[in-house]
Structures are given as structure tokens and as C-alpha cells.
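Below: the structure, in C-alpha cells.
The values are calculated or read from the model by the stated rules, or taken from the named source; none is laboratory data. Note that the structure is a prediction, hence the values are computed from the model and not measured. A quick note on method: Cβ atoms are made from the backbone with ideal geometry, for glycine too, and the neighbour counts reach across all protein chains shown.
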């Protein structure tokens with residue numbers, strides 16, 4: 001058969017997007033992902049990354065928790081019987097969690113220094129996203145532990161208060177962080193990630209004040225339901241923003 | 001599977017790297033040919049999603065890849081021109097790290113990494129640090145990582161740079177075997193690589209599409225314009241100053257010259273069947289010739 005001669009591609013017009021065709025295209029792609037065992041859901045992605053998390057990760061997380069426990073104990077002694085002060089300290093530590101997430105700066109710097117950024121940015125995750133996924137695993141592992149610690153420190157009656165103080169700042173700050181980072185890309189994204197980290201570090205004292213003044217309203221008598229709803233709403237926001245960020249809906253970010 | 005570039009433009013400030021580029025890339029090996037600064041790397045980065053287009057769009061089976069997110073990225077295997085590595089990593093560490101970034105399950109990734117290292121002849125170097133690797137070994141490791149996760153679309157920017165001829169031939173055979181039902185976009189200065197494995201050649205100049213088609217088809221553009229002659233040395237040197245020469249070989253007091261010209265350059269010149277190098281030189285003789293792969 002005679003082959004077609006040289007094509008000068010000047011008169012091509014792209015047809016409009018057909019939703020059915022698009023769905024078929026994405027389904028084919030997902031089927032391709034499935035053949036190598038790569039999951040598309042957040043749960044599957046967390047499970048996959050757990051396979052790469054080594055003992056050093058868990059040791060590091062345990063060390064952070066021990067430091068927090070010691071500092072909380074110290075704050076408890078300093079605060080005496082003032083439960084609010086203890087809760088505020090708890091909230092402060094909680095809010096500073098996302099700062100740790102933004103401290104992927106050395107990792108990013110190392111990536112740029114070694115010319116790895118281009119390879120990483122063309123992959124399934126880029127480095128900030130991979131770091132975010134690891135933070136998500138951190139949060140999943142640390143939050144229950146910290147909740148138990150808070151409950152133990154505050155007594156059973158203070159459980160909901162402890163949970164609110166602990167979860168709300170962390171979930172909100174992380175969620176906002178994911179939303180901001182999800183809008184940025186490339187070097188600009190990485191630099192902003194560092195910037196956000198520094199900003200959150202500066203904001204921590206402000207968050208401390210916020211926790212002292214606002215959070216008591218949530219744990220006043222008779223507002224446990226409000227607290228529970230707040231925690232749930234923040235949790236939902238955190239999971240949705242994390243999922244969107246980690247799944248990377250846009251090809252360029 | 002088909003990738004379509006629809007009037008893709010990329011500007012960096014006032015400089016336009018790719019302008020109104022349109023092409024259709026069905027499954028198969030596509031060779032991207034053009035001189036330095038033609039926009040090859042920019043085009044590949046656009047396709048890999050590292051850069052966003054300034055105008056136009058890239059489509060996979062008619063769907064804009066920008067809206068496909070991870071389902072597009074999951075299908076990509078990419079080897080950049082500037083291939084970096086973490087020097088403290090061993091070959092296996094590197095592939096496992098890339099598997100984590102590619103979201104591959106670890107048991108699968110480990111088995112695949114070992115298989116790929118064998119395939120690129122680094123099986124015995126699994127636990128050796130990359131910083132001790134030669135340029136060719138690093139390049140082979142880069143090719144292995146591009147093949148991780150069995151991507152349906154492979155983008156390879158100068159994959160044969162730094163490989164010796166034996167390694168290049170091995171790579172070409174490996175790629176031909178791999179790319180049977182996949183889409184591979186390959187950029188290289190080494191015309192022979194494209195000639196031997198690409199079913200379709202895309203020639204770009206100053207960010208614009210110049211020619212595209214099967215090698216035999218696009219060679220029609222220089223059919224009857226390739227000449228060979230044997231001349232006294234002095235005349236041959238005069239001739240080579242006036243025309244783009246693809247071959248100049250001393251033969252005693254004479255010289256054999258192969259050149260590209262619209263008309264017969266001298267008495268006794270005979271027409272010769274054209275090759276991609278002739279085509280390259282015909283279009284890019286004024287662009288500054290690369291020493292690797294252009295002159296014989």
C-alpha cells in the first residue's frame with residue numbers, strides 16, 4: 001500500500017470534547033494504572049506509600065511525639081490547674097504540624113541541586129505532593145496517639161475539648177496549606193512552600209493567642225455537639241483538600 | 001492511542017520557543033529532529049506536563065491532557081536531557097525512590113527494578129552507588145527509570161547521549177522491542193538513531209514544524225538533491241566551501257565528496273539516494289552544525 005506523503009499539519013481543527021470519549025480515555029488510563037497495581041484512590045495511594053516508609057520515618061515520628069509529650073507535661077506543670085492554658089498549648093503544637101510539612105525545603109533544595117526536579121515533576125507525584133502524602137500518613141498515625149495523650153492528660157470529661165484543641169488547628173492549617181500549594185507549580189511552588197512554612201512559623205504565636213481566645217468558646221459547657229461538628233467539618237475539609245492536592249487534578253501545577 | 005499537538009505555543013518572556021506547533025502522534029516511535037535551540041526540549045517538557053502551554057493544547061485521544069491529571073501522568077515515562085541523580089543512592093535505591101514518586105507498589109517496584117537493571121545491563125551493579133557510574137551507565141539507569149511502571153507514553157530527550165556505539169545499538173533494539181504498542185517521542189542529534197528506529201520523523205526549526213512523515217516520505221524533499229563526486233583535492237575543497245557537505249574522504253590526490261545542492265555542483269557529479277543526514281543538512285546548514293552525528 002502506498003504510504004501517505006509528507007503531512008504539513010496546518011489545517012487541523014480539534015473536535016470538541018466529547019464527555020463519553022473523555023470518560024473512556026480516562027478509564028483506559030486507569031486500567032493501565034491498575035495493571036501495575038497503582039491505585040487511584042487516596043486510600044490506595046496511602047497504602048502504596050506506606051510500603052516505602054522505613055523504620056527511620058516511624059522512629060522520627062515517635063521522637064516528635066515524645067518531645068511533644070515532654071513539652072505538654074512541662075506546660076501542664078506550668079499551667080497548674082488551668083485547663084485552658086494546657087489546651088491552648090496543645091493547639092499550638094497541633095497548628096505547628098503543617099510547618100513541619102512545609103519543611104520539605106531541604107528536600108526540594110537537594111532535588112534542585114542534583115538536577116532531579118525535572119524527573120520528579122514529570123512523575124505521578126512531584127516532591128511537594130509526595131511530602132504531603134507522607135504528612136498525611138504522619139497525621140493518620142500521630143493524631144490518634146496525640147488524642148489519647150490529650151484525653152489522658154485532661155481526663156475523660158475533657159476528651160472532646162482535647163480533641164477539638166488538637167484537631168481543629170492542625171486540620172485547618174493543613175487543609176489551607178494543601179489548597180494554597182495546589183494552586184502553585186514548579187520552582188514558584190517550591191519557593192512558596194518554603195515561604196508558607198516560614199509564615200506559619202511566624203503565625204504560630206498568633207495561633208496560640210487564637211487558640212486561647214477562640215477555642216474556649218467551642219468547649220464551653222453544652223457545646224460538645226458544636227465541637228464535634230467542627231472537628232468533623234475540619235476533618236472533612238482536610239481529607240478533601242489533601243485528596244485533591246495529592247491526586248493532582250491538573251497536569252501542570 | 002494518539003497524542004495531538006494543536007497549535008501549541010510556548011513563550012518565555014519575549015522569546016517564542018515553540019510557535020503554533022501542530023502534529024498528530026499515533027502509537028509508534030517518533031523521532032524529533034532539529035538543531036540546538038529549535039524547541040525540541042521545550043516541546044518534550046510541554047508534553048511531559050512540566051511546562052504549561054502559552055497557547056494551544058495537547059490532547060490524548062482527543063482529550064486535553066491538562067484536565068486528565070494523574071490518569072495522564074501515570075502513563076508517562078520521561079528521560080530529561082539533564083538527567084540528575086542523588087549521588088548517595090545505589091542503582092536499586094534510585095529505582096525504588098522513583099517508583100515511590102511514580103506511585104508504584106513496592107513489591108511490584110522491587111521486582112521490576114531488578115528486571116529493568118538486568119535489561120539495561122546493570123544487573124551486577126544493583127548495589128553500587130550512582131556517583132561511581134560512568135556516563136553511559138548513568139544514561140542506561142535513566143532509561144530504566146523511564147520504563148518503570150510500563151508507561152504507554154515515553155518521552156526521551158537525547159537518550160543516546162553519552163552511549164558508545166555498541167550501547168546505542170543495544171538501546172535502539174531495546175526501544176524498538178518496547179515500543180511495539182506504545183507511543184515514544186525521541187529526540188536526538190544522532191540522525192542514525194532516528195533513521196533506524198523511528199517510524200515517523202518530526203523536523204522542527206525555530207519552534208515551528210517543518211516536516212513530518214515516515215523517513216522514506218520526508219526524504220522526498222531532498223530527492224535529486226544529493227550529489228557525489230570525486231575531484232582533485234583543491235577543487236573538492238572549493239566545493240565544500242560552497243555547499244553543505246555530508247562526506248569528504250581523501251582518495252590519494254583526489255577527494256570523494258557527498259553534498260547537498262539543488263543543482264549539479266560540478267561536472268561528473270552523480271545523484272545519490274538521500275539519507276536523513278542529507279535532509280538535516282539541507283534544512284539546517286545555516287544553523288551551525290553539531291559535530292556529533294552530522295558529519296560522517
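Where helices (runs of 4 or more DSSP H) sit wholly within the stretch A:95-149, those with at least 1 residues that are modelled with pLDDT under 65 and more than 22 Å from residue A:43 (Cα to Cα) occupy A:97-102, A:105-113.
Here is a yes/no grid of residues against (1) away from chain A (no Cβ under 14 Å); (2) farther than 17 Å from residue B:74 by Cα:
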site	(1), (2)
B:107	no, yes
B:127	yes, yes
B:132	yes, yes
B:147	no, no
B:164	yes, yes
B:171	yes, yes
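Each residue in the stretch B:198-220 was checked for being outside any strand (DSSP E or B), at pLDDT 85 or above and crowded, with 22+ Cβ neighbours inside 10 Å, and 2 of them qualify. Criterion applied to B:97, B:78 was being within 14 Å of residue A:116 (Cα to Cα) and free of Cβ contacts under 8 Å to residues at least 60 places away in the same chain, and the one residue passing it is B:97.
Would you mention how many residues in the stretch A:211-229 are at pLDDT below 75 and closer than 22 Å to residue A:140 by Cα? The total comes to 2. Of everything in the stretch B:248-284 that is loosely packed, with under 15 Cβ neighbours inside 10 Å and outside any loop (DSSP other than H, G, I, E, B), the residue that is modelled with the lowest pLDDT is B:251. When the stretch B:66-97 is limited to residues that are in a loop (DSSP other than H, G, I, E, B) and in contact with a strand residue (DSSP E or B) (Cβ under 6 Å, 6 or more places away or on another chain), the one that is farthest from the other protein chains (Cβ to nearest Cβ) turns out to be B:81. Among the residues of the stretch B:149-165, those identified as in contact (Cβ under 8 Å) with a residue 40 or more places away in the chain and not in a loop (DSSP other than H, G, I, E, B) are B:153, B:154, B:155, B:156, B:157.
Screening the candidates B:168, B:73 for the property of being without any contact (Cβ under 8 Å) to a residue 40 or more places away in the chain, buried (at least 18 other Cβ atoms within 10 Å of the Cβ) and under 16 Å from the mean Cα position of the chain (by Cα) yields one hit, B:168.
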